[in-house]
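Trainee: Supplied in structure tokens, the structure appears directly below.
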Amino acid sequence: MNKIKVLVLLVILFVAFLLDVALGSVHIPLKDVIKVLFTPDAGNDTWVYIIEKIRLPKALTAIIVGCGLSVSGLQMQTLFRNPLAGPSVLGITAGASLGVALVMLSAGSITSLYTIKELGISGSWLIIVASSLGAALIMILIVSISSSLKDNVIVLIVGVMIGNITLSVISIWQYFSSPELIKDYLLWTFGSLGGVTGSQLLILAVVVFAGLLISFLSSKLLDALLLGDNYARSMGLTVKRARILIIGSTSILAGGITAFCGPIGFIGIAVPHLARALFNTSSHRILIPACCLIGTVLMLICDLVAQLPGSQTVLPINVITALVGSPVVIWIIAGPTKLRGF
């Protein structure tokens, strides 16, 4: 049965990918899109440029973002044993934003968005390292506080408050920054899949792949932690080491994605629950690939809606993910049945 579900998801993924590349402000027939993607001599140079330089990188970014945010949300829900945990809710995304703000707002025009892009690969690593360190700092703080709290709801509230404090610090920083830098930073906070091309796309793919690899290799640790720290210790696991590994993986995933695409909410909360409901399991060896598949499909669909095919308007991706993810969060809170694994 699971094989059929995976096959259906793969078909939906393929269709969504083709539509995401085909649809946009410039109409390109689907057969020509397929021709450009799979044959070296596609004919129309304008269509080739639009597909290869704009639409294809955006669709690939959606795939990478969907995988990374979904798995980071799954890890956080397991680590905190809280169904509402996620990078955007617990302040991890805010921590990553603080790292980016440190780079973009701290030293005037030498760290403007334009200058960082002109730096190429070195600028990309600068943003990723700052974002990941910011995410790790907030996550370590939340884990330290949560170790003395037994109520998952209180942990969630603490995470939200820490996130709010972090965002307040960023707002104060913006108040004393120049208008040009504030504009750059505000545009970044809207969230976008369209600004990642060339070497940046390659770097993002490598960073997210590294985080996903760590996550998959930690699947047994995650299964044990889901049943509680005492059970994990009885299985011979070092809980502290396991937490550090999971924090590192989550920080790499959330930090790397936030660095290039801005803070994208709700995907990390919603997708793990959809994966549990669809595959009816709490095994992370199954859930991690399932989250990658579902997260990818969801991000491609959100990107399709965000670009409003046939018009010149492109909505911030955050707006669409909130519309999709919010009903899932409501289902989590108000649903009559207890979700599997919590």
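The values are calculated or read from the model by the stated rules, or taken from the named source; none is laboratory data. A quick note: this is a predicted structure, and the numbers were derived from the prediction, not measured. All Cβ positions, glycine included, derive from the backbone under ideal geometry; neighbour counts span all protein chains shown. Calculation scope for accessible area: heavy atoms of the full protein, side chains included, ligands and nucleic acids excluded. Shrake-Rupley method; radii C 1.70, N 1.55, O 1.52, S 1.80 Å.
Trainee: Hey, for a label at Val160 modelled as a point 7 Å past Cα toward Cβ, could you say which residues of segment 79-101 have their backbone N under 14 Å away?
Mentor: Taking a point 7 Å out along Cα→Cβ of Val160, the residues of segment 79-101 whose backbone N falls under 14 Å are 83-86, 88-91.
Trainee: Considering only protein heavy atoms and a 1.4 Å probe, what is the carbon-and-sulfur percentage of the accessible area of the chain?
Mentor: Details: 11200 of 15870 Å².
C and S atoms contribute 71 percent here.
Trainee: Given points 7 Å out from each Cα along the Cα-Cβ axis, report the Lys3 to Tyr175 separation in nanometres with one decimal.
Mentor: 6.2 nm
Trainee: Quick one: Karplus J couplings for segment 198-210, per residue in order, coefficients 6.51, -1.76, 1.60, θ = phi - 60°, nearest Hz, x for Gly and Pro?
Mentor: 3J(HN,Hα) across segment 198-210, in whole Hz: x, 5, 5, 5, 5, 5, 4, 4, 5, 5, 5, 4, 4.
Trainee: Still on this structure, please answer the following. Over 31 Å between Cα atoms: which of Lys3/Lys220; Lys5/Lys240; Lys31/Lys183; Lys3/Lys31; Lys5/Lys53; Lys35/Lys183 fall into that group? Display every interim value, and only then the final one.
Mentor: Working: Lys3/Lys220 22 Å; Lys5/Lys240 36 Å; Lys31/Lys183 40 Å; Lys3/Lys31 29 Å; Lys5/Lys53 33 Å; Lys35/Lys183 39 Å.
Flagged as over cut-off: Lys5/Lys240; Lys31/Lys183; Lys5/Lys53; Lys35/Lys183.
Trainee: How much area per residue is accessible in the chain when the probe is 1.4 Å and only protein heavy atoms are counted (Å²)? Walk me through the numbers before you get to the answer.
Mentor: Values: 15870 Å² over 342 residues.
Solvent-accessible surface per residue comes out at 46 Å².
Trainee: Could you work out the relative contact order of the chain? I mean the mean sequence separation of Cα pairs under 8 Å and 6+ apart, divided by the number of residues, in percent.
Mentor: Details: 514 pairs, mean separation 104.6, N = 342.
Reported as a whole number, the value is 31 percent.
Trainee: I've got another one for you. At 1.4 Å probe size, put Cys291, Cys67 in order of accessible surface, largest to smallest.
Mentor: Numbers: Cys291 0, Cys67 20 Å².
The ranking, largest first, comes out as Cys67, Cys291.
Trainee: Turning to a different aspect of this structure: Can you run the Rg to Rh ratio on segment 2-334? Use alpha carbon positions and the Kirkwood inverse-distance Rh.
Mentor: 0.98
Trainee: Quick one: Karplus J couplings for segment 131-146, per residue in order, coefficients 6.51, -1.76, 1.60, θ = phi - 60°, nearest Hz, x for Gly and Pro?
Mentor: Per-residue couplings from phi come out as 5, 5, 5, x, 5, 5, 4, 5, 5, 4, 4, 5, 4, 4, 5, 5 Hz.
Trainee: Let me ask another. When the Cα centres of segment 55-78 and segment 182-223 are compared, how far apart do they sit, in Å?
Mentor: What the calculation gives is 7 Å, centre to centre.
Trainee: Using the per-residue mean of other Cβ atoms lying within 10 Å as a proxy for protection, in what order, highest first, do the peptides 75-83, 274-282, 2-10, 131-139 fall? Intermediate results must be reported in sequence, preceding the final value.
Mentor: Numbers: 75-83: 23.6, 274-282: 17.7, 2-10: 12.1, 131-139: 25.2.
Output ranking for 75-83, 274-282, 2-10, 131-139: 131-139, 75-83, 274-282, 2-10.
Trainee: Return the distance in nm (one decimal) between the two label points of a simple spin-label model at Leu187 and Val206, each offset 7 Å from Cα along Cα→Cβ.
Mentor: According to this spin-label approximation, the distance is 2.7 nm.
Trainee: Assuming 0.36 nm per residue, please report the length gained on full extension of the stretch Val239 to Ile140 beyond their Cα-Cα distance.
Mentor: 34.2 nm
Trainee: Would you tell me the accessible area of Asp223, worked out with a 1.4 angstrom probe on the heavy atoms of the protein chains, in Å² to the nearest 10?
Mentor: Around 50 Å² of this residue is reachable by solvent.
Trainee: With viscosity set to 0.692 mPa s and temperature to 37 °C, compute the Stokes-Einstein D of segment 153-311, Rh being the Kirkwood radius across alpha carbon pairs; µm²/s, no decimals. Before the final figure, lay out the partial values.
Mentor: Values: Rh = 18.2 Å.
Taking Rh from Cα pairs, D becomes 180 µm²/s.
Trainee: Taking each pair of distinct Cα atoms in segment 285-336 once, what is the resulting Kirkwood hydrodynamic radius in Å? Don't jump to the answer; show the numbers that get you there.
Mentor: Numbers: mean 1/r = 0.0799 Å⁻¹.
Result for segment 285-336, one decimal place: 12.5 Å.
Trainee: A further question on this structure: Cut-off 10 angstrom, C-alpha nodes, Gaussian network model of the chain. Which of Ala254, Ala232, Ala205 fluctuates the most?
Mentor: Ala232
Trainee: Once you place label points 7 Å from the Cα toward the Cβ at Ala334 and Val11, how far apart are they in nm?
Mentor: 3.3 nm
Trainee: So what is the 222 nm mean residue ellipticity for the chain from helices alone, if each DSSP H run of at least 4 adds -39500 (n - 2.57) and you divide by all residues, rounding to the nearest 500 deg cm²/dmol? Write out the running numbers ahead of the final one.
Mentor: Values: 16 runs with 251 residues, N = 342.
Helix contribution divided over all residues of the chain: -24000 deg cm²/dmol.
Trainee: Probe 1.4 Å, all protein chains in place: accessible area of His27 in Å², nearest 10?
Mentor: Counting only protein heavy atoms, the figure is 140 Å².
Trainee: Let me ask something else. Can you give me the solvent accessible area of Trp173 with a 1.4 Å probe, rounded to the nearest 10 Å²?
Mentor: Estimated to the nearest 10 Å², Trp173 gives 70 Å².
Trainee: With viscosity set to 0.890 mPa s and temperature to 25 °C, compute the Stokes-Einstein D of segment 232-342, Rh being the Kirkwood radius across alpha carbon pairs; µm²/s, no decimals. Provide the component values of the computation, followed by the final result.
Mentor: On the way: Rh = 16.0 Å.
Calculated translational D: 153 µm²/s.
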